[in-house]
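Have a look at the structure below before the remarks.
Rule-based calculations on the coordinates, nothing more; no lab input. Small disclaimer: the values here were computed from a predicted structure and weren't measured. Note: ideal-geometry Cβ built from the backbone for every residue, glycine included; neighbour counts use all protein chains shown.
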Amino acid sequence: MPPLQRGHSGRETRLPQNLRRLRFQVAYDGTDFHGWQVQPGLPTIQGTLEDVIGRVEGRRVHVAGSGRTDSGVHALAQVAAVTLENPIPPDNFRRAVNRLLPYAIRITGVEETSLYFHPRHHAKRKTYEYRIFREEVCPPFDRRFVYHHPYPLHESAMSAATRLLEGEHDFTAFAAADETDKVCASKVRSIFHTSLVRNNALLVFTVTGSGFLKHMVRNMVGTLIEIGKGNLSEQDILARLEPACLIAPGPAVPGSGLFLISVDY
């Protein structure tokens, strides 16, 4: 028997027997894209994938992602899914789509999954990295993938402050306004792990959490930089984590240094 799907009305409808769902990982250089989510008239990761996969499928498709990365943000392993009628094997799907995609986007792995799998709703945790290039001269080959900040910073103070972000908190003061937010939608998120580590010329902030709000990681890093400059203290971090804090978010660092590293299920 074909599987059932419950629609918005609550009624169950039987799906066609030939439908299948593919789950795949996507790596991309987000520099020349206006983020993940489809935007009319603008190049986006989701829009590009839907156009290309639609050509393979022979009809319009919807590609769901684990989250909406911002303009200029990159991914090593974004997770996405699409429902197809085409019986193409997963490896052949990967090859066919990669032949048509721009070089800035690559599908790195594909597998069959349940028709009900959703990359965002079923995700348990996500990990992001933010990369700050600390030397005076940033190599031109690195500039698209870092935030160049060669100025003095108290890096040990920044590292110590990262632990304050861990735990379950209201991150209102770290979230940009989002037109898709529901009224009174909770800004509470759980952060499982943070670290700030110097790796040669790079200062790398890593954060793993249950989910992230718009510009949340970029605002975290911007706030940590203000700690490093001596403009803010650990008490200022704690004040921003108070429920319904009215302190304005920011400053947000550029998207160029931000990478979605992994999504766990």
Exercise for the section: Could you line up Asp142, Asp29 from fewest to most neighbouring Cβ atoms inside 10 Å? Expected result: Asp142, Asp29
Practice task
Just order 65-74, 212-221 by mean Cβ neighbour count inside 10 Å, highest at the front, would you?
Solution key: 212-221, 65-74
Practice task
Would you order Leu246, Leu203 from fewest to most other beta-carbon atoms within 10 Å of each residue's own beta-carbon?
Solution key: Leu246, Leu203
Problem - the range 125-264: relative contact order as a whole-number percent, Cα under 8 Å and 6+ apart - result: 39 percent
Handout entry: Computed label-point distance, nm, for sites Lys124 and Phe141 using a 7 Å Cα→Cβ extension
Key = 3.8 nm
Practice task
For n ≥ 4 DSSP H runs only, could you compute -39500 (n - 2.57) per run for the chain, divide by its residues and tell me the 222 nm figure to the nearest 500?
Solution key: -6000 deg cm²/dmol
Practice task
Return P(r) of the range 17-113 (all Cα-Cα pairs; 5 Å bins starting at 0; whole %; ordered from short to long distances).
Solution key: 3, 14, 27, 29, 17, 8, 2, 0
Exercise for the section: For helix 216-229, report the angle its Cα long axis makes with the longest principal axis of the Cα atoms of the chain; keep it between 0 and 90° and round to the nearest 10°. Expected result: 20 degrees
Completion exercise
Computed for the range 17-113: size of charge dipole around the Cα centre, +1 on C-beta of each Lys and Arg, -1 on C-beta of each Asp and Glu, debye to nearest 20, value 200 debye
Exercise for the section: State the Kirkwood hydrodynamic radius of the range 61-181 in Å, one decimal place, computed from all pairs of distinct Cα atoms. Expected result: 18.4 Å
Exercise for the section: Would you mind calculating the relative contact order of the range 17-113 from Cα pairs under 8 angstrom and at least 6 residues apart, reporting the percent as a whole number? Expected result: 43 percent
Exercise for the section: Sort Ile53, Ile261 so that the residue with the fewest other Cβ atoms within 10 Å of its own Cβ comes first and the one with the most comes last. Expected result: Ile261, Ile53
Completion exercise
What the Cα atoms of the chain span along the principal axes, largest first and in whole Å, is 63, 44, 31
Exercise for the section: Have a look at the DSSP beta bridges in the range 125-264 and tell me what percent are antiparallel, nearest 5. Expected result: 95 percent
Exercise for the section: Before anything else, pin down the relative contact order of the range 185-230: Cα pairs under 8 Å, at least 6 apart, normalised by residue count, whole percent. Expected result: 31 percent
